[in-house]
Amino acid sequence: MKVAVLWIGLSGYLNACLKELAARDGIELFVCHKAPESDAPFDEVQFAWITNRFVWSSNRDLDSFDEQMHNFAPDILVFSGWHVPAYRRIARQFANKCWRVMAMDHCWLGTLKQRIGTAISPYFLHPLTDAVWLPGERQAQFARKLGFEQRVILRGLYSCDRPMFAASHIERVAARRPVARSFLFIGRFVQEKCIDSLVKAYRLYRDSTPDPWPLVCCGTGPLRSDLEDAAGIRVAGFVQPDALPATLASAGCLILPSLFEPWALVVHEAASAGTLILASEEVGAVPHLVQPGYNGFIFGSGDVAELAGLMSRVSAMDDERLDEMSRASFDLSRQFSPQRWADTLLQAFDATSPMVEPSSRAAANMG
């Protein structure tokens with residue numbers, strides 16, 4: 001079976017999912033993606049195993065892409081959203097020739113643009129795709145408003161390399177080490193991540209706590225100096241995917257104060273590593289991976305006092321309580337994995353694709 005994946009920027013999480021898919025019997029993989037950008041400088045070496053790959057930097061690079069796709073002749077076409085003209089063009093060309101799956105992570109916000117989108121979706125989106133694949137329920141709400149029926153809505157689009165992150169938690173528990181007493185932020189140093197609120201909340205927390213935890217910030221971006229100038233905060237820079245498990249293992253609690261995140265894969269990475277999580281209500285992964293008082297807490301985006309109070313609440317916990325919440329995070333992370341990602345795609349193809357004849361459905365199974 002031939003599977004073509006047309007994406008924007010590859011990352012460590014998608015790399016793990018693609019490896020799992022490619023390892024299945026009879027799968028031939030083709031991947032098209034945009035070259036890494038400066039705000040997410042992933043090491044290209046991690047993708048070198050993908051022998052059949054097309055990398056582009058601008059839409060002009062995709063002008064000659066059609067012939068390559070037609071030569072590959074996929075049975076399954078997975079493409080990222082509707083914003084790349086060449087991907088839309090390919091999706092139209094392969095109507096009734098393969099099973100087309102559009103990946104989307106947009107949440108329903110009720111904006112004028114989204115309302116217009118729901119009106120034109122039957123004419124603009126539906127002709128492009130046979131199914132939609134999305135991370136969770138906030139995106140499923142939008143998909144239903146776009147007119148997609150439940151039977152063609154796939155969930156679980158995003159998963160980290162769970163076994164890699166889980167290893168650090170399993171090792172800590174086996175060694176009976178306590179949860180590390182430090183906070184961690186991972187993300188771009190930009191306004192959308194609410195860096196200003198994070199700095200203010202940490203300052204308030206530090207001033208009101210006799211023995212405050214340090215805060216380590218991993219990433220890159222224009223607001224780096226705001227973090228470097230704050231007492232108790234250490235800036236560690238951008239962390240490559242293979243170093244993230246150790247980074248999370250060195251911290252006890254992830255903080256994600258974003259103004260808006262369609263999903264935030266780092267929440268699954270943290271949960272898989274058994275890290276407690278403080279996340280704003282605007283983070284899309286929250287309904288699935290953060291349960292207040294169970295493995296972390298949820299706060300209002302931009303609410304400095306609430307975030308500072310939660311930081312104090314977490315750092316005041318004893319080792320037993322921290323370990324209990326760490327184990328709870330790890331349990332919640334089981335919902336998503338590269339194995340389930342590959343299973344979702346192949347089993348949905350088997351169950352719903354109009355391209356599969358009944359006599360050949362067994363060949364589409366995961367093996």
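Quick look at the numbers
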| read-out | value |
| --- | --- |
| Qualifying residue in the range 108-123 (condition: modelled with pLDDT of 95 or more, under 24 Å from LEU265 (Cα atoms) and within 19 Å of the chain's Cα centre (by Cα)) | no |
| Subset of the range 172-205 (residues that are under 17 Å from GLU261 (Cβ atoms) and part of a loop (DSSP other than H, G, I, E, B)) | GLY187, ARG188, PHE189, VAL190, CYS194 |
| Any chance ASP105 is among the acidic types (Asp, Glu) and either exposed (fewer than 15 other Cβ atoms within 10 Å of the Cβ) or out of contact with any Pro (no Cβ under 6 Å at 6 or more places or on another chain) (or both) | no |
| Every residue from the range 265-298 that is under 22 Å from ARG177 (Cβ atoms), in contact with an Asp or Glu (Cβ under 9 Å, 6 or more places away or on another chain) and of a type in the set (A, V, I, L, M, F, W, C) | ALA271 |
| Residue satisfying all of: in the range 120-137; in a helix (DSSP H, G or I) and out of contact with any His (no Cβ under 9 Å at 6 or more places or on another chain); surrounded by the fewest Cβ atoms within 10 Å (Cβ to Cβ) among these | TYR123 |
| Test: residue in the range 173-195 that is of a type in the set (Ser, Thr, Tyr), farther than 17 Å from ILE255 by Cα and touching a residue at least 24 places away in the same chain (Cβ under 8 Å) | no |
| Condition broken by ALA231, with the remaining ones in (1) within 24 Å of ASP323 (Cα to Cα); (2) aliphatic (A, V, I, L, M); (3) without any contact (Cβ under 8 Å) to a residue 40 or more places away in the chain satisfied | (1) |
| Among residues of the range 7-56, those that are at pLDDT 95 or above, among the aliphatic types (A, V, I, L, M) and over 24 Å from VAL266 (Cβ atoms), counted | 4 |
| Single condition VAL199 does not satisfy, out of (1) over 30 Å from VAL235 (Cα atoms); (2) among the hydrophobic types (A, V, I, L, M, F, W, C); (3) more than 24 Å from the chain's Cα centre (by Cα) | (1) |
| Flag if LYS97 is among the basic types (Lys, Arg) and not in a helix (DSSP H, G or I) | yes |
| Residue, nearest to GLU320 (Cα to Cα), within the range 277-304, restricted to residues that are part of a loop (DSSP other than H, G, I, E, B) and hydroxyl-bearing (Ser, Thr, Tyr) | TYR294 |
| Residue that is surrounded by the fewest Cβ atoms within 10 Å (Cβ to Cβ) [pool: residues in the range 284-304 that are touching a helix residue (DSSP H, G or I) at 6+ places or on another chain (Cβ under 7 Å) and closer than 17 Å to ASP196 by Cα] | GLY300 |
| Among (1) under 20 Å from LEU310 (Cβ atoms); (2) within 26 Å of the chain's Cα centre (by Cα); (3) crowded, with 20+ Cβ neighbours inside 10 Å - the single one TYR205 does not satisfy | (2) |
| Test: residue in the range 179-200 that is touching a Ser or Thr at 6+ places or on another chain (Cβ under 6 Å), crowded, with 19+ Cβ neighbours inside 10 Å, on the phi > 0 side of the Ramachandran plot and of a type outside the set (A, V, I, L, M, F, W, C) | no |
| Criterion: buried (at least 19 other Cβ atoms within 10 Å of the Cβ), within 23 Å of VAL132 (Cβ to Cβ) and in contact (Cβ under 8 Å) with a residue 60 or more places away in the chain - qualifying residue of LEU10, LEU6, LEU29 | LEU6 |
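The values are calculated or read from the model by the stated rules, or taken from the named source; none is laboratory data. Not measured: the values here are computed from a predicted model. Cβ coordinates were reconstructed from backbone atoms using ideal geometry, including for glycine residues, and neighbour counts include every protein chain displayed.
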